[in-house]
1. In debye to the nearest 20, how big a dipole does the chain give about its Cα centre with +1 on each Lys and Arg Cβ and -1 on each Asp and Glu Cβ?
2. Using the Cα centre of region 1-152 as origin and beta-carbon charges of +1 (Lys, Arg) and -1 (Asp, Glu), tell me which of Ile134, Leu95, Tyr15 is placed farthest towards the positive end of the dipole.
3. If the only charges are +1 at each Lys and Arg Cβ and -1 at each Asp and Glu Cβ, what is the size of the charge dipole of region 56-96 around the Cα centre, to the nearest 20 debye?
4. Here are some pairs, Lys123/Lys162; Lys76/Lys138; Lys13/Lys97; Lys26/Lys76; Lys76/Lys127; which of them have Cα atoms lying more than 26 Å apart in this structure?
5. Calculate how many DSSP beta bridges within region 4-111 are antiparallel, expressed in % of all such bridges and rounded to the nearest 5.
6. Read through the labelled values [x] 246; [y] 111; [z] 127 and report the label of the one computed as volume of the Cα convex hull per residue in Å³ from the structure.
7. Among Gly39, Pro109, Leu56, whose Cα lies farthest out toward the positive end of the dipole of the chain, if unit charges sit on the beta carbon of Lys, Arg (+1) and Asp, Glu (-1)?
8. What are the trypsin sites (Lys or Arg not before Pro) within region 114-145 that DSSP puts in a loop, where the Cβ has at most 10 other Cβ atoms within 10 Å?
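What follows draws every value from the coordinates through simple rules; no lab data is involved. Values in this document were obtained by computation on a predicted structure and should not be read as measured data. Ideal geometry is used to build each Cβ from the backbone, glycine not excepted, and the neighbour counts take in all protein chains shown.
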Amino acid sequence: MEDFNEINRLEGKIYKVSELNFELKKLLEGNYPDIWVEGEISNFHHHSSGHMYFDLKDENSKIRSVMFLGDNRNLKFIPEDGMKVLARGGVTLYLRKGEYQIVVRYIEPKGKGALLIAFEQLKKKLKAEGLFDIRYKKPIPFLPSRIGVVTSLGGAVLHDIKNVLNRRFEIII
């Protein structure tokens, strides 16, 4: 059997696993600090810490992804499994597991806009709570019983509203 030092001398440095992972992390972060990736979300998990963990995949491959709380705090929609997205971030290597991943800093739906998706998600949530049920609907009154106006006391807006109400409904204010 060859002497360990002889192998080291002939073949170069022998890395510990953590040393190799650290070197690969530097390479990945140095070469891919800011990239866009298009893919479909799968295995989405919104952790109690606020971080979001998911895979981005296409028909041939997938990559693990994480979006930390500070970056996802201002999202206008909630990512879901099956959603096609464009994600921007940097490639890194998670040292503990030796897996590379994308740290996503920005994400947007591909196709539909974020506001439309947020609206559809809110509508779905409210419907599940039963808030669109016919038993909760009340008829809209012909005239309101109160009108609130936020303006200065001497503002023209208040004067105009009083004039219109007096003209149309003969209400003395």
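1. Working: 28 positive and 23 negative charges, 299 e Å.
Rounded to the nearest 20 debye, it is 1440 debye.
2. Farthest along the dipole direction, towards plus: Ile134.
3. Using Cβ point charges on Lys, Arg, Asp and Glu, region 56-96 gives about 160 debye.
4. Beyond 26 Å: Lys123/Lys162; Lys76/Lys138; Lys26/Lys76.
5. The answer is about 90 percent antiparallel.
6. From the options [x] 246; [y] 111; [z] 127, the structure gives [x].
7. Farthest towards the positive pole: Pro109.
8. Counting only loop positions with at most 10 other Cβ atoms within 10 Å, the trypsin sites (Lys or Arg not before Pro) in region 114-145 are Lys137.
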